[in-house]
Amino acid sequence: MAPGYAPEEVPIYRDLDTRDEQYERAQDSAEPFFAVEQYEEGYAVTYDLLPTGFQLAGPARRELDERLTRTVEEIVGDADRPTTEVSRTVGDSLGNVSFFGREESAREVAAVVSTIVLDENNWVTGEPPDVTGSNHRQND
């Protein structure tokens, strides 16, 4: 079975408490955090591989960036899909694409992202975050 989610299977967190609980669960079980998150501004797609101790290999990150570009351009270019300005941060361990006006659009993008990000064949040993310094990375 291929890694990733079908659009209708992508986890969605509609409030911060649920999101925080699921992020803590991911950390405790050393699993990736992956979801569509609902905010007042719209929907965001978020991934975080830090709990796993791995990060995306360079070729996988580049493929993710290319596929995201194509998918987001299709959505933004479609007049039938309401979308605010979409911004994205695509990193080796953390990523966010936001904001989408419709849950369905966010789920579509999340499904594309998940096939790359959740495929363990695309992972390499990660650089641990500096938990003692001011550069402590976390999913806020």
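Data overview
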item: Cβ pairs under 7 Å, 6+ apart, first in segment 68-87 and modelled with pLDDT under 80, second assigned to a helix (DSSP H, G or I); result: 81/75; 81/105; 83/75; 83/76; 83/105
item: Residues of segment 31-46 satisfying the condition of being in a strand (DSSP E or B) and in contact with a Leu (Cβ under 7 Å, 6 or more places away or on another chain); result: 34
item: Considering residues of segment 109-140 that are at pLDDT below 95 and open to solvent by less than 80 Å² (accessible area, probe 1.4 Å) only, the residue nearest to the chain's Cα centre (by Cα); result: 139
item: Conditions (1) open to solvent by 60 Å² or more (accessible area, probe 1.4 Å); (2) out of contact with any Lys or Arg (no Cβ under 7 Å at 6 or more places or on another chain); number of the one not met by residue 65; result: (1)
item: Selection count where residues are within 14 Å of the chain's Cα centre (by Cα) and outside any helix (DSSP H, G or I), scope segment 54-80; result: 2
item: In segment 2-28, the residues that are open to solvent by less than 100 Å² (accessible area, probe 1.4 Å), touching a residue at least 24 places away in the same chain (Cβ under 8 Å) and assigned to a helix (DSSP H, G or I); result: 7, 23, 26, 27
item: Search result, residues across segment 93-104 that are surrounded by fewer than 19 Cβ atoms within 10 Å (Cβ to Cβ) and part of a loop (DSSP other than H, G, I, E, B); result: 101, 102
item: Restricting segment 29-49 to residues that are touching a residue at least 12 places away in the same chain (Cβ under 8 Å) and out of contact with any helix residue (DSSP H, G or I) (no Cβ under 8 Å at 6 or more places or on another chain), the residue that is farthest from residue 126 (Cα to Cα); result: 41
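The values are calculated or read from the model by the stated rules, or taken from the named source; none is laboratory data. As the structure is a computational prediction, the values presented were derived from the model and not from experiment. Cβ: placed from backbone, ideal geometry, glycine included. Neighbour counts: every protein chain shown. Protein only, heavy atoms only, side chains kept; ligands, DNA and RNA dropped before computing areas. Shrake-Rupley method; radii C 1.70, N 1.55, O 1.52, S 1.80 Å.
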